[in-house]
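**Student:** Below is one structure. I have some questions about it.
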(Lines give C-alpha, C1' and ligand atoms only; values in the text may rest on other atoms or scores of the structure.)
Protein backbone atom coordinates (compact mmCIF):
# COMPACT_ATOMS: atom_id res chain seq x y z
CA UNK A 1 0.00 0.00 0.00
CA UNK A 2 1.36 3.40 -1.00
CA UNK A 3 2.17 5.71 1.89
CA UNK A 4 1.11 9.33 2.03
CA UNK A 5 3.71 12.10 1.90
CA UNK A 6 3.04 15.73 2.73
CA UNK A 7 4.45 17.77 -0.15
CA UNK A 8 4.13 21.52 -0.49
CA UNK A 9 0.54 22.12 0.62
CA UNK A 10 -1.02 18.70 1.09
CA UNK A 11 -0.83 14.91 1.07
CA UNK A 12 0.11 12.97 -2.05
CA UNK A 13 0.80 9.33 -2.78
CA UNK A 14 4.41 8.28 -2.28
CA UNK A 15 4.96 7.71 -6.00
CA UNK A 16 3.71 11.22 -6.75
CA UNK A 17 5.97 12.95 -4.21
CA UNK A 18 8.46 14.70 -6.49
CA UNK A 19 10.53 17.87 -6.37
CA UNK A 20 12.18 19.74 -9.22
CA UNK A 21 15.69 18.80 -10.32
CA UNK A 22 16.41 22.53 -10.01
CA UNK A 23 15.55 22.61 -6.30
CA UNK A 24 18.71 23.73 -4.52
CA UNK A 25 18.12 21.06 -1.88
CA UNK A 26 19.03 18.54 -4.59
CA UNK A 27 21.68 20.61 -6.33
CA UNK A 28 23.51 21.86 -3.23
CA UNK A 29 22.03 20.28 -0.10
CA UNK A 30 20.46 23.65 0.60
CA UNK A 31 17.65 23.16 3.09
CA UNK A 32 16.87 22.18 6.67
CA UNK A 33 15.25 19.21 8.38
CA UNK A 34 14.15 17.63 11.63
CA UNK A 35 13.82 14.01 12.71
CA UNK A 36 11.11 13.38 15.30
CA UNK A 37 9.51 10.47 17.13
CA UNK A 38 5.86 9.76 17.76
CA UNK A 39 4.64 7.72 20.72
CA UNK A 40 1.00 6.68 20.96
CA UNK A 41 0.22 9.07 18.07
CA UNK A 42 1.81 12.03 19.86
CA UNK A 43 5.04 13.70 18.66
CA UNK A 44 7.63 13.99 21.40
CA UNK A 45 8.65 17.64 21.97
CA UNK A 46 7.17 18.84 18.69
CA UNK A 47 7.43 22.48 19.78
CA UNK A 48 11.18 22.17 20.43
CA UNK A 49 11.70 20.50 17.06
CA UNK A 50 9.74 23.20 15.25
CA UNK A 51 11.59 25.95 17.11
CA UNK A 52 14.92 24.43 16.02
CA UNK A 53 13.67 24.05 12.44
CA UNK A 54 12.67 27.71 12.32
CA UNK A 55 16.01 28.76 13.83
CA UNK A 56 17.93 26.70 11.28
CA UNK A 57 15.88 28.14 8.43
CA UNK A 58 16.29 31.71 9.72
CA UNK A 59 20.06 31.23 9.99
CA UNK A 60 20.13 30.15 6.32
CA UNK A 61 17.68 32.88 5.21
CA UNK A 62 15.05 30.32 4.18
CA UNK A 63 11.45 31.45 4.48
CA UNK A 64 9.25 28.56 5.63
CA UNK A 65 5.95 28.94 3.71
CA UNK A 66 3.66 28.16 6.65
CA UNK A 67 3.28 28.93 10.33
CA UNK A 68 4.41 26.65 13.16
CA UNK A 69 0.78 25.90 13.94
CA UNK A 70 0.12 24.90 10.32
CA UNK A 71 3.27 22.77 10.33
CA UNK A 72 2.19 20.97 13.50
CA UNK A 73 -1.22 20.27 11.97
CA UNK A 74 0.44 18.93 8.81
CA UNK A 75 2.68 16.61 10.88
CA UNK A 76 -0.31 15.11 12.67
CA UNK A 77 -2.29 14.85 9.44
CA UNK A 78 0.60 12.90 7.89
CA UNK A 79 0.81 10.58 10.90
CA UNK A 80 -2.93 9.93 10.75
CA UNK A 81 -2.94 9.32 6.98
CA UNK A 82 -0.26 6.65 7.40
CA UNK A 83 -1.81 5.13 10.55
CA UNK A 84 1.41 5.67 12.50
CA UNK A 85 1.19 5.12 16.26
CA UNK A 86 4.85 4.77 17.29
CA UNK A 87 7.10 5.96 14.49
CA UNK A 88 9.56 8.38 12.99
CA UNK A 89 8.80 11.64 11.20
CA UNK A 90 11.19 13.39 8.81
CA UNK A 91 10.34 17.04 8.23
CA UNK A 92 12.20 18.78 5.37
CA UNK A 93 12.15 22.35 4.06
CA UNK A 94 14.03 22.96 0.80
CA UNK A 95 15.43 26.21 -0.54
CA UNK A 96 13.22 25.88 -3.61
CA UNK A 97 13.67 25.96 -7.37
CA UNK A 98 16.56 28.01 -8.69
CA UNK A 99 19.23 28.04 -11.37
CA UNK A 100 22.42 26.04 -11.74
CA UNK A 101 24.20 28.93 -10.07
CA UNK A 102 24.66 29.46 -6.33
CA UNK A 103 22.49 32.57 -6.05
CA UNK A 104 19.86 31.65 -3.45
CA UNK A 105 17.96 34.86 -4.13
CA UNK A 106 16.82 33.37 -7.45
CA UNK A 107 15.18 30.40 -5.72
CA UNK A 108 11.40 30.28 -5.38
CA UNK A 109 8.72 27.96 -4.02
CA UNK A 110 10.46 26.27 -1.05
CA UNK A 111 9.02 22.80 -0.51
CA UNK A 112 7.74 21.39 2.77
CA UNK A 113 8.08 17.60 2.88
CA UNK A 114 6.83 15.41 5.72
CA UNK A 115 7.49 11.66 5.76
CA UNK A 116 6.12 9.35 8.46
CA UNK A 117 7.33 5.78 8.89
CA UNK A 118 7.41 3.00 11.41
CA UNK A 119 10.83 2.77 13.05
CA UNK A 120 13.08 0.00 14.30
CA UNK A 121 16.59 1.47 14.45
CA UNK A 122 18.49 -0.77 16.87
CA UNK A 123 17.78 -4.18 18.36
CA UNK A 124 16.79 -4.47 22.01
CA UNK A 125 19.98 -6.49 22.49
CA UNK A 126 22.05 -3.37 21.79
CA UNK A 127 20.07 -1.47 24.43
CA UNK A 128 20.97 -4.21 26.90
CA UNK A 129 24.56 -4.97 25.93
CA UNK A 130 25.67 -1.73 24.28
CA UNK A 131 27.20 -0.87 20.93
CA UNK A 132 30.76 -0.51 19.67
CA UNK A 133 32.15 2.74 18.30
CA UNK A 134 35.23 3.65 16.32
CA UNK A 135 36.75 7.13 16.07
CA UNK A 136 36.45 8.64 12.62
CA UNK A 137 39.33 10.23 10.76
CA UNK A 138 36.73 12.68 9.46
CA UNK A 139 36.49 15.58 11.92
CA UNK A 140 33.31 17.40 12.84
CA UNK A 141 32.64 20.49 10.75
CA UNK A 142 34.02 23.46 12.74
CA UNK A 143 31.40 25.97 13.84
CA UNK A 144 33.46 28.90 12.54
CA UNK A 145 32.96 27.44 9.06
CA UNK A 146 29.29 26.45 9.29
CA UNK A 147 27.26 26.43 12.47
CA UNK A 148 26.73 22.86 13.65
CA UNK A 149 23.60 24.07 15.45
CA UNK A 150 21.95 24.41 12.03
CA UNK A 151 20.40 21.07 11.06
CA UNK A 152 20.89 21.42 7.32
CA UNK A 153 20.41 18.96 4.48
CA UNK A 154 24.13 19.10 3.77
CA UNK A 155 25.11 15.99 5.72
CA UNK A 156 28.21 14.95 3.82
CA UNK A 157 30.42 15.37 6.89
CA UNK A 158 28.24 12.92 8.83
CA UNK A 159 27.91 10.53 5.88
CA UNK A 160 31.67 10.23 5.41
CA UNK A 161 32.07 9.52 9.11
CA UNK A 162 29.26 6.94 9.07
CA UNK A 163 30.98 5.13 6.21
CA UNK A 164 34.01 4.68 8.46
CA UNK A 165 31.79 3.08 11.10
CA UNK A 166 30.42 0.49 8.68
CA UNK A 167 33.88 -0.31 7.35
CA UNK A 168 34.98 -0.98 10.93
CA UNK A 169 31.95 -3.18 11.60
CA UNK A 170 30.37 -0.67 13.97
CA UNK A 171 26.90 0.86 14.10
CA UNK A 172 28.10 4.35 14.96
CA UNK A 173 31.22 6.49 14.87
CA UNK A 174 32.74 9.10 17.17
CA UNK A 175 33.68 12.46 15.67
CA UNK A 176 36.29 14.77 17.17
CA UNK A 177 36.30 18.50 16.56
CA UNK A 178 39.16 20.60 15.19
CA UNK A 179 40.55 21.01 18.72
CA UNK A 180 40.81 17.25 19.19
CA UNK A 181 37.98 17.11 21.73
CA UNK A 182 34.99 14.79 21.49
CA UNK A 183 32.12 16.39 19.55
CA UNK A 184 29.34 13.93 18.77
CA UNK A 185 28.52 10.90 16.66
CA UNK A 186 27.27 10.87 13.06
CA UNK A 187 23.65 11.08 14.18
CA UNK A 188 23.67 11.26 17.97
CA UNK A 189 24.99 13.23 20.92
CA UNK A 190 27.29 11.52 23.40
CA UNK A 191 27.42 11.30 27.21
CA UNK A 192 29.95 9.67 29.51
CA UNK A 193 30.06 9.01 33.24
CA UNK A 194 33.33 9.88 35.02
CA UNK A 195 33.58 9.46 38.80
CA UNK A 196 29.82 9.35 39.05
CA UNK A 197 29.33 12.62 37.14
CA UNK A 198 27.47 12.75 33.82
CA UNK A 199 29.42 14.67 31.16
CA UNK A 200 28.43 15.80 27.66
CA UNK A 201 30.25 18.17 25.28
CA UNK A 202 29.15 21.83 25.41
CA UNK A 203 27.51 23.60 22.48
CA UNK A 204 30.81 25.25 21.47
CA UNK A 205 32.33 21.80 20.89
CA UNK A 206 30.81 21.87 17.35
CA UNK A 207 27.73 19.84 18.21
CA UNK A 208 24.07 19.94 17.36
CA UNK A 209 21.93 20.98 20.33
CA UNK A 210 19.99 17.73 20.44
CA UNK A 211 16.38 17.67 21.59
CA UNK A 212 16.96 14.27 23.24
CA UNK A 213 20.25 15.55 24.70
CA UNK A 214 18.40 18.37 26.43
CA UNK A 215 15.67 15.99 27.63
CA UNK A 216 18.30 13.69 29.15
CA UNK A 217 19.89 16.61 31.00
CA UNK A 218 16.45 17.35 32.46
CA UNK A 219 15.92 13.69 33.36
CA UNK A 220 19.32 13.55 35.07
CA UNK A 221 18.44 16.61 37.18
CA UNK A 222 15.15 15.00 38.22
CA UNK A 223 17.00 11.82 39.19
CA UNK A 224 19.53 13.78 41.24
CA UNK A 225 22.42 12.83 38.95
CA UNK A 226 25.09 15.53 38.69
CA UNK A 227 25.57 16.54 35.04
CA UNK A 228 28.05 18.92 33.42
CA UNK A 229 28.53 20.24 29.90
CA UNK A 230 32.29 20.27 29.44
CA UNK A 231 34.95 19.32 26.94
CA UNK A 232 36.62 15.92 27.11
CA UNK A 233 38.85 13.75 24.93
CA UNK A 234 38.89 10.18 23.66
CA UNK A 235 40.97 9.25 26.68
CA UNK A 236 38.08 10.25 28.91
CA UNK A 237 35.77 7.99 26.91
CA UNK A 238 38.25 5.10 27.08
CA UNK A 239 38.45 5.28 30.88
CA UNK A 240 34.82 6.27 31.54
CA UNK A 241 32.66 4.16 33.82
CA UNK A 242 29.78 4.44 31.36
CA UNK A 243 28.95 5.89 27.97
CA UNK A 244 25.74 6.32 26.01
CA UNK A 245 24.35 8.12 22.96
CA UNK A 246 21.16 10.14 22.60
CA UNK A 247 19.02 10.99 19.59
CA UNK A 248 15.39 11.15 18.52
CA UNK A 249 15.65 7.86 16.66
CA UNK A 250 18.14 6.10 18.96
CA UNK A 251 16.63 7.47 22.21
CA UNK A 252 19.23 6.49 24.85
CA UNK A 253 21.58 3.66 23.87
CA UNK A 254 24.65 2.45 25.80
CA UNK A 255 28.14 2.28 24.33
CA UNK A 256 30.45 -0.42 25.69
CA UNK A 257 33.49 -0.16 23.43
CA UNK A 258 35.47 2.54 21.60
CA UNK A 259 38.41 1.76 19.31
CA UNK A 260 38.76 -1.72 20.81
CA UNK A 261 38.80 -0.45 24.41
CA UNK A 262 36.06 -1.81 26.64
CA UNK A 263 34.24 0.95 28.50
CA UNK A 264 33.45 0.29 32.15
CA UNK A 265 32.04 -3.16 32.80
CA UNK A 266 31.38 -3.79 29.12
CA UNK A 267 27.63 -3.62 29.73
CA UNK A 268 25.04 -0.90 30.21
CA UNK A 269 25.95 0.78 33.49
CA UNK A 270 23.60 1.68 36.36
CA UNK A 271 23.32 5.39 35.49
CA UNK A 272 22.71 4.64 31.81
CA UNK A 273 20.06 2.07 32.72
CA UNK A 274 18.36 4.48 35.11
CA UNK A 275 18.33 7.30 32.56
CA UNK A 276 17.05 5.04 29.76
CA UNK A 277 14.17 3.86 31.96
CA UNK A 278 13.31 7.42 32.99
CA UNK A 279 13.51 8.66 29.41
CA UNK A 280 11.19 5.93 28.15
CA UNK A 281 8.75 6.81 30.92
CA UNK A 282 8.99 10.48 29.90
CA UNK A 283 8.19 9.88 26.23
CA UNK A 284 5.22 7.68 27.12
CA UNK A 285 3.79 10.51 29.20
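The values are calculated or read from the model by the stated rules, or taken from the named source; none is laboratory data. Source: prediction; values computed, not measured. A quick note on method: Cβ atoms are made from the backbone with ideal geometry, for glycine too, and the neighbour counts reach across all protein chains shown.
**Student:** Report yes if residue 10 is touching a helix residue (DSSP H, G or I) at 6+ places or on another chain (Cβ under 8 Å), farther than 15 Å from residue 90 by Cα and in the same structural domain as residue 107 (by TED's automatic domain parsing), otherwise no.
**Tutor:** Values: touching a helix residue (DSSP H, G or I) at 6+ places or on another chain (Cβ under 8 Å): no; farther than 15 Å from residue 90 by Cα: yes; in the same structural domain as residue 107 (by TED's automatic domain parsing): yes.
For residue 10, the condition - touching a helix residue (DSSP H, G or I) at 6+ places or on another chain (Cβ under 8 Å), farther than 15 Å from residue 90 by Cα and in the same structural domain as residue 107 (by TED's automatic domain parsing) - is not met.
**Student:** Can you name the residue in region 2-33 that is part of a strand (DSSP E or B) and over 24 Å from the mean Cα position of the chain (by Cα) and is also surrounded by the fewest Cβ atoms within 10 Å (Cβ to Cβ) among such residues? Walk me through how you get there before you give the answer.
**Tutor:** First pass over region 2-33, keeping only residues part of a strand (DSSP E or B): 4-7, 10-13, 23, 31-33.
Next, only the ones that are over 24 Å from the mean Cα position of the chain (by Cα) stay: 10-13.
On the way: 10: 10, 11: 18, 12: 15, 13: 12.
Across region 2-33, the extreme among qualifying residues is 10.
**Student:** Any idea which of 226, 222 is under 17 Å from residue 271 (Cα atoms) and in contact with a strand residue (DSSP E or B) (Cβ under 8 Å, 6 or more places away or on another chain)?
**Tutor:** Working: 222 fails: in contact with a strand residue (DSSP E or B) (Cβ under 8 Å, 6 or more places away or on another chain).
Answer to the check: 226.
**Student:** All but one of (1) free of Cβ contacts under 8 Å to residues at least 40 places away in the same chain; (2) under 22 Å from residue 17 (Cβ atoms) hold for residue 87, so report the exception by its number.
**Tutor:** Condition (1) is where residue 87 drops out.
Residue by residue, here is whether (1) in contact with a helix residue (DSSP H, G or I) (Cβ under 9 Å, 6 or more places away or on another chain); (2) over 21 Å from residue 147 (Cα atoms) holds:
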residue: 4; (1), (2): yes, yes
residue: 40; (1), (2): yes, yes
residue: 49; (1), (2): yes, no
residue: 59; (1), (2): no, no
residue: 62; (1), (2): yes, no
residue: 84; (1), (2): yes, yes
residue: 103; (1), (2): no, no
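**Student:** So, in region 256-285, of the ones that are closer than 14 Å to residue 44 by Cβ and touching a strand residue (DSSP E or B) at 6+ places or on another chain (Cβ under 8 Å), which residue ends up surrounded by the fewest Cβ atoms within 10 Å (Cβ to Cβ)?
**Tutor:** It comes out as 284.
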